[in-house]
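Colleague: This is the structure I want to talk about, given as structure tokens.
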Amino acid sequence: MIDFNTVADKLLDMNPDPVPEFILLKEFKGISPDSCEYQNAYDRVCSHPFVERIENEQNDRGFWPPFHGYTEHMIRRCLSLGLHKDHHCLKNVADYLIKVLDNKENWDQFEKQDNIRWWPEMFVPLVSSAMLSLIDADNEVLDVHRRRWAYFAETAFSKGYYDKEAESISQQEYFGFKTKRTIPAFGYYNLMLLAPTDKGN
């Protein structure tokens, strides 16, 4: 059986780059976030050229244009580097996403669909809430969006199998318009949004 703790120690002895060093200490060694070792390692990540580039590319509104595609990638990039949700890059984009979900901001991006309402009323809120859930899974702003897409998923599988027609009808009735672009319960953003969290534990 592989002793991952021993493997982590050997890798740390090789003086790795600050990013893998921090991941090894945090995820494999499990050192306390309150320890000096953890804080020093995290500080080195925050001053890493990769992070500085991300900071420089983020606009004043808190995202990396274009949103759909690039901002999503940059959020995952920040998290893969080990940045905490209170790091200013993630905090800024989280604040932006909350504004989008509150209809106080937008993506500055639009894709033509069979119904003009599909993009702003169905897709944008789903993607925005899914990406916010990666940063701050327990944010109360997400509750209404989770209930909405959980309802569609429950409807789709209520007969014990996937019923696309029932799912489509439930979405059209909920949003109040017809579209051929049903968003399936097993879609990437749906699963991300509905992934289990520690909330309530």
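Any read-out appearing in this document is the output of simple, stated calculations on the displayed coordinates, not a laboratory observation. In this text, all values refer to a predicted model and were calculated from it rather than measured experimentally. No Cβ is skipped: glycine too gets one built from the backbone with ideal geometry, and neighbour counts run over all protein chains shown.
Colleague: Where in region 43-112 are there helices (runs of 4 or more DSSP H), lying wholly inside it, with at least 1 residues that are under 27 Å from residue 25 (Cβ atoms) and within 14 Å of the chain's Cα centre (by Cα)?
Modeller: Details: elements: 49-57, 72-80, 88-101.
Once the helices (runs of 4 or more DSSP H) in region 43-112 are filtered for at least 1 residues that are under 27 Å from residue 25 (Cβ atoms) and within 14 Å of the chain's Cα centre (by Cα), what remains is 72-80, 88-101.
Matching residues to (1) surrounded by 13 or more Cβ atoms within 10 Å (Cβ to Cβ); (2) polar (S, T, N, Q):
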residue	(1), (2)
3	no, no
28	yes, no
33	no, no
41	yes, no
47	no, yes
50	yes, no
56	no, yes
62	yes, no
70	yes, no
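Colleague: Go through region 47-77 and count every residue that is of a type in the set (Gly, Ala, Ser) and either in contact with a helix residue (DSSP H, G or I) (Cβ under 9 Å, 6 or more places away or on another chain) or in contact (Cβ under 8 Å) with a residue 60 or more places away in the chain (or both).
Modeller: 2
Colleague: Of the conditions (1) under 11 Å from residue 194 (Cβ atoms); (2) more than 9 Å from the chain's Cα centre (by Cα), residue 120 clears all except one; give me its number.
Modeller: (1)
Colleague: A further question follows. Show the residue pairs that are 6+ apart or on different chains and have beta-carbon atoms under 6 Å apart, the first residue being within region 78-93 and at negative phi, the second being charged (D, E, K, R) and crowded, with 17+ Cβ neighbours inside 10 Å.
Modeller: If the second residue must be charged (D, E, K, R) and crowded, with 17+ Cβ neighbours inside 10 Å, the pairs left are 85/136.
Colleague: Moving to a separate point now. For residues that are over 24 Å from the mean Cα position of the chain (by Cα) and acidic (Asp, Glu), tally how many sit in region 135-166.
Modeller: 2
Colleague: Okay, moving on. Can you tell me which residue in region 165-193 is surrounded by the fewest Cβ atoms within 10 Å (Cβ to Cβ), limited to those that are more than 16 Å from residue 125 (Cα to Cα) and in contact with a helix residue (DSSP H, G or I) (Cβ under 7 Å, 6 or more places away or on another chain)?
Modeller: Top of the filtered list is 178.
Colleague: How many of the residues in region 151-183 are among the polar types (S, T, N, Q) and assigned to a helix (DSSP H, G or I)? Steps first, please.
Modeller: Kept after step one, since they are among the polar types (S, T, N, Q), are these residues of region 151-183: 155, 158, 168, 170-172, 179, 182.
So of that shortlist, the ones also assigned to a helix (DSSP H, G or I) come out as 155, 168, 170-172.
Qualifying residue count for the region: 5.
Colleague: Given the conditions (1) without any contact (Cβ under 8 Å) to a residue 40 or more places away in the chain; (2) touching a Gly at 6+ places or on another chain (Cβ under 7 Å), and given that residue 23 satisfies all but one, which numbered condition is not satisfied?
Modeller: Condition (1) is where residue 23 drops out.
Colleague: Turning to a different aspect of this structure: Conditions: (1) loosely packed, with under 13 Cβ neighbours inside 10 Å; (2) in contact (Cβ under 8 Å) with a residue 60 or more places away in the chain; (3) in contact with a His (Cβ under 9 Å, 6 or more places away or on another chain). Residue 123 meets all but one. Number of the miss?
Modeller: Residue 123 satisfies all of (1) loosely packed, with under 13 Cβ neighbours inside 10 Å; (2) in contact (Cβ under 8 Å) with a residue 60 or more places away in the chain; (3) in contact with a His (Cβ under 9 Å, 6 or more places away or on another chain) except (1).
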